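Right, one structure below, let's go through it.
FYI, it's all coordinate maths here, none of it is from the lab. Computed from a prediction, not measured in an experiment: that's the story for all the values here. No Cβ is skipped: glycine too gets one built from the backbone with ideal geometry, and neighbour counts run over all protein chains shown.
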Amino acid sequence: MDKYVIQGGARLVGRVRIAGAKNAALPILAATLMTDQECVVEGVPELQDTATMLEVLRSLGMEVSREGSAVRTRLVNEDLSTAHYDLLSTMRAGFCVLGPLVARRKRARVSMPGGCNIGPRPVDIHLRGLTRLGASLVVEHGYVAAEADRLVGAEMFLGGAQGSTVLGTANILMAATLARGTTVLEGVAIEPEVQDLARFLVCMGAHIDGIGTHRLEVEGVEALEGTRYRIIPDRIEAGTFLVAAAITRGDVEVENTQPEHLTAVLEFLRERGVTVEKSRAEMKIRARVERELVPGDVFALPYPGIPTDMQAQLMALLCTIEGTSTVHDKVFPDRFIHAGEFIRMGARIAKENGSATVQGGPPLSGAQVQASDLRAGAALVLAGLAASGTTELSRVYHLDRGYVRFESKLAALGARIQRARA
Ligand code: EPU
């Protein structure tokens, strides 16, 4: 297992290019199961999670090849319909092959995802939605077995206790594109990654109205076609580098980004005193610190709010700002394991149900810490960049799931970070 060794204190300066969005790539790759024609998906980031998804597709009878960021898929054997635990246990997004498989192959056996370090991750809404489309489902021996001769359009509400669901919307939307008749989905997630999936499906020949709103109307079609498509840039990777600029009081420009996907994060950084400039046409955002930053409150919410996937990184930043800040996660109220690791680095954080109070100001000091999940890991790297002395971050495999060449991109901006054997 690898670790990162970080010498804190360097101010990050320069430009960094953002990769394609992991969370758009994963369901879009799953959607290629729904056609017997060739698909080419461009902008697929070279990450552990996308590699796992390509393995899942191969295990389901797809021929898959990759040239740089372009992935080519083609169906060779449609008899396979089991997505195994060995692959899906490492990546929850694999669960969104369920909708495509049952819609096109009429049956599926897909490993149930387990819990994870960001809290309980139920799939009740996915299962409810597929049942409403007429699939018969049995959960046994850790797998969901689903069958349907042909799915039938239905009207349904896709929200839950925490609001909309990203992968739940993806699963049901994909299934509905091949159902007989009209499906109306209310309360759907509108994250840019879900919109990107919907646009990909439209390129495959799906009929979807209402993309970008909480109500999708889908007119089912008999078959979907192959297509060529470029996925959106990763807004969380971009946001993470902007916070890296802020936490090191540096000056960083992120390239290949869509500023309109980061409005709430940019607003939050501006309110803290960070100078933010953006150009939608040039797909750039520059963040630099020219004055003392001020504390503030983070509310992680479904899109267009601050993403839960930025909550940990923003908490790291708030630890370095004098005064009292609070952090609330309305999407994953238990996603606070990183707070304990920040405390090991000298942060003052009090945690209570679904929120944390940060008394920022005391300098962070480098320590041995662990990444409990992908975003917690990124946040600990940021904290290490701002801390005095050496931070050793273990369980770096979490970061390899979601950030392309993270340490070399940071090093190119002046960070003193190295990968080493743990
Ligand atoms: N929920 C339910 N029932 C369900 C599904 C979800 O109650 O059937 C609840 C969840 O427990 C949570 C809330 O709904 O409280 C939202 O969860 P959601 O389903 O939207 O999460 P997800 O689709 O499993 C995706 C991303 C996550 C990101 C969340 C929230 C992918 C592959 N994953 O997960 O990304 O945090 O949406 O935006 O798209 C990451 O990239 O590090 C990551 C964890």
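At-a-glance table
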| read-out | value |
| --- | --- |
| Residues 157, 342, sorted so that the one with the fewest Cβ neighbours within 10 Å comes first | 157, 342 |
| Integer Hz, Karplus 6.51/-1.76/1.60 couplings in order for region 290-306, x for Gly and Pro | 10, 8, 5, 8, 10, x, x, 10, 9, 10, 7, 9, x, 4, x, x, 4 |
| Extension gain, residue 271 back to residue 67 (0.36 nm per residue minus Cα-Cα distance, nm) | 69.3 nm |
| Aspartates and glutamates with Cα under 12 Å of residue 106, excluding same-chain neighbours fewer than 8 positions away | 78, 79, 147, 149 |
| Residue order, fewest to most surrounding Cβ atoms within 10 angstrom, among 337, 6 | 337, 6 |
| Nearest 10 degrees, 0 to 90: helix 22-31 Cα axis against the chain principal axis | 10 |
| ³J(HN,Hα), Karplus 6.51/-1.76/1.60, whole Hz, each residue of region 117-133, x for Gly, Pro | 6, 9, x, x, 10, x, 10, 4, 6, 4, 5, 4, x, 5, 5, 5, 7 |
| Extension gain from residue 186 to residue 219, taking 0.36 nm per residue of separation minus the Cα-Cα distance | 10.4 nm |
| Debye log10 I(q)/I(0) for the chain, one point scatterer per Cα, at q = 0.07, 0.09 Å⁻¹ | -0.33, -0.54 |
| Folded to 0 to 90 degrees: helix 235-247 orientation relative to the chain principal axis, Cα | 0 |
| Region 22-230 shape via C-alpha gyration tensor axes, a/c threshold 1.5 | rounded |
| Rounded, prolate or oblate (a/c below 1.5 giving rounded, otherwise prolate when a/b exceeds b/c) for region 285-422 by Cα gyration tensor | rounded |
| Rounded tilt (10° steps) of 48-59 against the dominant C-alpha axis of the chain | 10 |
| Residue list for region 16-33, given a label point 7 angstrom along the Cα-to-Cβ vector of residue 230 and an amide N cut-off under 12 Å | 20 |
| Interchain or long-range residues, amide H under 5 Å from residue 17's placed H | 255 |
| Under-5 Å amide H pairs with residue 387, H placed in peptide plane, nonlocal only | 9 |
| Neighbour-count order for 330, 3, fewest beta carbons within 10 angstrom listed first | 330, 3 |
| Inter-site label distance for residue 416 and residue 255 at 7 Å from Cα along Cβ, in nm | 2.8 |
| Dipole magnitude of region 254-336, debye to nearest 20 (Cβ charges: Lys/Arg +1, Asp/Glu -1, about Cα centre) | 160 |
| Difference of contour (0.36 nm per residue) and Cα-Cα distance, residue 388 to residue 78 | 106.0 nm |
| Residue-averaged 222 nm ellipticity for the chain, from DSSP H runs of 4+ at -39500 (n - 2.57), nearest 500 | -9000 deg cm²/dmol |
| Proximal lysines relative to residue 22, as straight alpha-carbon distance under 27 Å, when same-chain residues fewer than 8 apart are discounted | 3, 278, 284, 330, 409 |
| Net dipole in debye of region 22-230 [+1 Lys, Arg Cβ; -1 Asp, Glu Cβ; about Cα centre; nearest 20] | 180 |
| Whichever aspartates and glutamates have a C-alpha closer than 19 Å to that of residue 351, once near sequence neighbours (fewer than 8 apart) are set aside | 297, 309, 322, 329, 334, 341, 373 |
| Sequence-distant residues sharing a close amide H with residue 82 (under 5 Å, placed H) | 109 |
| Charge dipole of the chain about the Cα centre (unit charges at C-beta), most positive-ward option of 353, 389, 62 | 389 |
